[in-house]
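Colleague: I have a structure here, written as C-alpha cells, and I will follow up with some questions on it.
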Amino acid sequence: MITFITGNKHKVIEAENIFKNFDINLDHIDLGYTEVQGTLEDVAISGAKYASQKLNKSVIVEDAGLFIKSLEDFPGTYSSYVQETIGNDGILKLMKDVDDRYAEFRSVIGYCAPNSEPKIFLGKVKGQIALKEKGNLGFAFDPIFYVEKMDKTFGELTTEEKNQFSHRKNSLEQFINWYSSND
Ligand code: ITT
C-alpha cells in the first residue's frame with residue numbers, strides 16, 4: 001500500500017486512474033507538510049521523508065510546476081502562489097505579444113518508506129501557452145497549456161486523455177516501474 005500525500009483532489013483522481021492499471025494499492029491522506037524553499041526535487045525529498053516518518057507508512061508526495069521558457073522558467077517553483085494570485089489571466093497578460101510560447105509542466109514524485117532514504121522521479125510534458133483559456137476540464141493551469149499533437153489544451157482533455165502523456169503520468173510511471181521491480 002502506498003499513501004499519496006496531497007491536498008489536491010485533482011491529482012488524486014489522475015493518480016488513481018494511473019495506478020488502477022497496476023497491482024499497487026493507493027491510499028490518500030491530506031497531511032499538511034511545510035514546503036521547504038527550493039527546487040521541485042528539494043520539496044519532494046523533504047516532504048516524502050517527513051510524511052513517511054510522521055505516519056510510519058510508505059508514501060509518495062508530488063511537487064509540480066509550470067515552467068515558461070520566455071519568462072525564464074517562471075512561475076516554476078512559485079506555481080502555487082502564482083495560480084492563487086495572478087492566476088491564468090495574469091500569465092496570459094505576461095505573455096501578451098510574446099512569440100515564443102514554449103512551456104513545460106514538470107512533476108517530481110518523492111517516495112519514502114519508513115526508515116529509508118527518499119527517492120525521486122521526474123516527469124515532464126512539452127507544450128505552449130495558449131493565447132486564451134480553453135476548456136473546463138482539468139484544473140489550475142490546464143486551460144492555458146496547449147499541446148500541439150492533440151490540438152487541444154489540457155483543459156479540453158479528459159482525465160484518461162491527459163493521463164496518456166502528462167508530466168504526472170511520466171513521473172508516476174517511472175515510480176511504478178521502479179517500485180514494481182524493487183518491492
Ligand atoms: P499538493 O498538496 O500536492 O502540494 P498543490 O496543488 O499545492 O498540491 P503543487 O505545489 O504540486 O500542487 O503544484 C503547483 C501549482 O501547479 C498548483 O497551483 C497546481 O494546481 C498547479 N498544477 C500542478 N499540476 C498541474 C496540472 O497537471 N495541471 C494544471 N495545473 C497544475
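The values are calculated or read from the model by the stated rules, or taken from the named source; none is laboratory data. Since this is a predicted model, take the numbers as computed values, not measurements. Counting neighbours? That spans all protein chains shown, and the Cβs are built from the backbone with ideal geometry, glycine included. Side chains are part of the model used for accessible areas, which takes the heavy atoms of the whole protein and leaves out ligands, DNA and RNA. Shrake-Rupley method; radii C 1.70, N 1.55, O 1.52, S 1.80 Å.
Colleague: Tally up the residues in region 4-26 that are surrounded by 14 or more Cβ atoms within 10 Å (Cβ to Cβ) and at pLDDT below 95, please.
Modeller: The total comes to 2.
Colleague: Same structure, new question: Of all residues in region 74-102, how many are hydroxyl-bearing (Ser, Thr, Tyr) and without any contact (Cβ under 8 Å) to a residue 24 or more places away in the chain?
Modeller: 4
Colleague: Being closer than 30 Å to VAL59 by Cβ and touching a residue at least 24 places away in the same chain (Cβ under 8 Å), is that true of even one residue in region 142-149?
Modeller: There is at least one residue in region 142-149 that is closer than 30 Å to VAL59 by Cβ and touching a residue at least 24 places away in the same chain (Cβ under 8 Å).
Colleague: Moving on. Can you tell me which condition SER46 does not meet? The list is (1) within 11 Å of the ligand (Cβ to nearest atom); (2) buried (at least 20 other Cβ atoms within 10 Å of the Cβ); (3) of a type in the set (Gly, Ala, Ser), and all the others hold.
Modeller: (1)
Colleague: Regarding GLU35, is this residue surrounded by fewer than 18 Cβ atoms within 10 Å (Cβ to Cβ) and touching a helix residue (DSSP H, G or I) at 6+ places or on another chain (Cβ under 7 Å)?
Modeller: yes
Colleague: What is the number of the single condition among (1) within 8 Å of the ligand (Cβ to nearest atom); (2) free of Cβ contacts under 8 Å to residues at least 40 places away in the same chain; (3) not in a helix (DSSP H, G or I) that THR34 does not meet?
Modeller: That leaves (1) as the condition not met.
Colleague: Also: Restricting to region 61-73, name every residue that is open to solvent by less than 70 Å² (accessible area, probe 1.4 Å) and touching a residue at least 12 places away in the same chain (Cβ under 8 Å).
Modeller: VAL61, GLU62, ASP63, ALA64, GLY65, LEU66, PHE67, ILE68, SER70, LEU71
Colleague: Please work out which residue is nearest to the ligand (Cβ to nearest atom), limiting yourself to region 107-146 and to residues that are out of contact with any strand residue (DSSP E or B) (no Cβ under 8 Å at 6 or more places or on another chain), open to solvent by 60 Å² or more (accessible area, probe 1.4 Å) and more than 18 Å from LEU94 (Cα to Cα).
Modeller: LEU137
Colleague: OK, next. Could you list, in sequence order, all residues of region 147-168 that are in contact with an Asp or Glu (Cβ under 9 Å, 6 or more places away or on another chain) and open to solvent by 40 Å² or more (accessible area, probe 1.4 Å)?
Modeller: Residues satisfying the conditions are MET150, LYS152, GLU156, THR159.
Colleague: Would you check if VAL61 is modelled with pLDDT of 95 or more and assigned to a helix (DSSP H, G or I)?
Modeller: No; evaluated as a whole, the condition is false for this residue.
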